[in-house]
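Step one of this worksheet: look at the structure below.
FYI, it's all coordinate maths here, none of it is from the lab. For clarity, every value in this text was computed on a predicted model and none was experimentally measured. Every residue, glycine as well, gets a Cβ built from its backbone with ideal geometry; the counts of neighbours run over all protein chains shown.
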Amino acid sequence: MTSPKAGEMLHLRGNALGKGDPVALPLTQSSMFHLPGAPDGHATYGRVDNPTWVHLEHVLSHLEDAPCLSFPSGMGAISAALFATVTAGSRILIPSDGYYVTRLLADRFLSQLGVSVEERATTEFTDGGFDGFDVVFVESPSNPGLDMIDLAAVARDVRAAGGITIADNTTLTPLGQRPLDLGIDVVVASDTKAMGGHSDLLMGHVASRNDQVMERVEEWRRVSGAIPGPHEAWLLHRGLETLDVRFDRMCGSAQILAERLTAHDAVKQIRYPGLPDDPTYALAQAQTARFGFLLSITLEDEAKAEQFINTCPLLRPATSFGGVHSSAERRARWGDDVDPAFIRLSVGCEPVEELWQAIEASLNAL
Ligand SMILES: *Cc1c(COP(=O)(O)O)cnc(C)c1O
């Protein structure tokens with residue numbers, strides 16, 4: 001299954017070209033713009049706008065079906081969304097088992113500015129309700145545990161309680177899950193992962209159909225200076241041109257590998273939303289278009305996990321995920337609250353039989 005919008009996305013710019021214009025997106029590497037007289041409606045200065053971002057954001061908006069602003073990293077986007085929505089005295093709720101730097105941002109900075117920060121585990125996220133929270137930040141599926149939250153239910157309950165929801169949609173991309181269509185107010189994502197897809201850039205974006213939020217996010221970017229470099233914007237745009245084909249391959253391969261890994265003796269535990277006995281299966285079927293390219297396996301012990309990651313010739317032992325090269329790492333090495341032999345595996349674009357042969361041979365050799 002591929003995205004119905006992916007073909008239109010490839011021709012967004014092309015259909016507006018004049019004769020002789022380049023088909024590939026030009027990279028505008030300039031801080032200054034020729035600007036005699038009134039500046040209205042033109043690029044003014046590199047911190048305010050850039051034609052390469054503008055086109056990238058056009059493509060991102062098409063994918064999200066919402067206004068979008070790009071940032072130099074996923075954390076740049078998450079910071080913008082939070083600084084645009086909280087003030088001193090706000091109460092915010094974040095997942096205790098999501099991407100750990102979001103928790104650091106909240107604990108090390110927001111709480112120092114008079115924001116009260118509370119945490120809940122993804123599997124117990126709705127327990128206690130949402131009364132009194134100004135901002136509720138969710139991540140589904142969570143990284144690295146791959147637990148899921150009922151996004152439509154959270155969006156509805158938070159709105160009824162007068163708060164705003166922000167969803168980190170990094171792990172599934174807009175092709176795999178559409179939080180805004182489920183009622184979430186703001187989407188944030190690290191485009192460093194599958195969106196860029198080639199492990200050669202850091203970028204992020206914020207998308208929302210709430211105009212006031214987007215005005216604040218734009219102001220934050222312009223004033224804080226957290227702007228993407230034109231070259232990264234250009235690279236991300238190029239990556240997005242193959243997102244549909246990469247994501248389709250990655251998710252399809254992940255399903256096949258998950259089914260085979262389930263049956264392998266070296267694997268003590270496996271999590272993948274596309275396995276019918278995974279705790280997330282029913283929710284994943286209801287709210288995601290694809291089950292994703294991330295899976296986790298727990299082997300017998302830490303030494304075997306390290307040996308597997310470091311010897312499998314088609315797995316890069318690396319942090320981060322979503323690239324064309326399959327990669328794996330033990331999350332406990334960063335202090336995530338998981339088993340020492342827990343491995344997050346990001347399935348890349350290698351042909352699946354070749355990839356399975358390499359994985360199976362490395363597991364058999366443990
Ligand atoms: C990687 C990641 C981020 C942070 O993105 P950067 O581009 O590294 O700043 C945020 N959320 C999730 C779920 C991530 O995986």
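Rounded to the nearest 500 deg cm²/dmol, what is the calculated helix-only ellipticity per residue at 222 nm for the chain, with -39500 (n - 2.57) per DSSP H run of length n ≥ 4?
-10500 deg cm²/dmol
Would you mind checking the stretch 105-126 for residues with the amide N under 12 Å from a putative spin-label position 7 Å along Cα→C-beta of residue 159?
none
Which one of 315, 295, 27 has the biggest mean-square fluctuation once the chain is modelled by GNM with Cα springs under 10 Å?
Residue with maximal mean-square fluctuation among 315, 295, 27: 27.
Amide H of residue 164: which non-local residues (sequence gap of 5 or more, or other chain) have their own amide H closer than 5 Å, using H built in the peptide plane?
For residue 164, the qualifying residues are 135, 136.
Using +1 at the Cβ of each Lys and Arg and -1 at the Cβ of each Asp and Glu in the chain, identify which of 204, 12, 171 lies farthest towards the dipole's positive end.
Highest projection toward the positive end goes to 12.
Apply the Karplus parameterisation 6.51 cos²θ - 1.76 cosθ + 1.60, with θ equal to phi minus 60°, to every residue of the stretch 7-14 and state each ³J(HN,Hα) to the nearest whole Hz, in sequence, with x for glycine and proline.
Going residue by residue, I get x, 4, 4, 5, 10, 4, 7, x Hz, with x marking Gly and Pro.
Can you work out the FRET efficiency for the pair residue 365 and residue 5, with r the C-beta to C-beta distance and R0 = 45 Å, to the nearest 0.05?
Between residue 365 and residue 5 the formula returns 0.55.
What is the count of Lys pairs in the chain whose alpha carbons sit under 30 Å apart, if the two are 8 or more places apart or on different chains?
For the chain, the number of qualifying lysine pairs is 5.
Can you grab the distance from the C-alpha centre of the stretch 1-77 to the C-alpha centre of the stretch 150-214, Å, no decimals?
20
Whole-Hz ³J(HN,Hα) for each residue in the stretch 277-292, computed from phi via Karplus 6.51 cos²θ - 1.76 cosθ + 1.60 with θ = phi - 60°, x for glycine and proline: what do you get?
So the Karplus estimates, Gly and Pro as x, are 9, 6, x, 8, 3, 5, 5, 4, 4, 6, 10, 10, 7, 9, 8, x Hz.
Highest GNM mean-square fluctuation, the chain, Cα pairs closer than 10 Å: which of 200, 168, 191?
200
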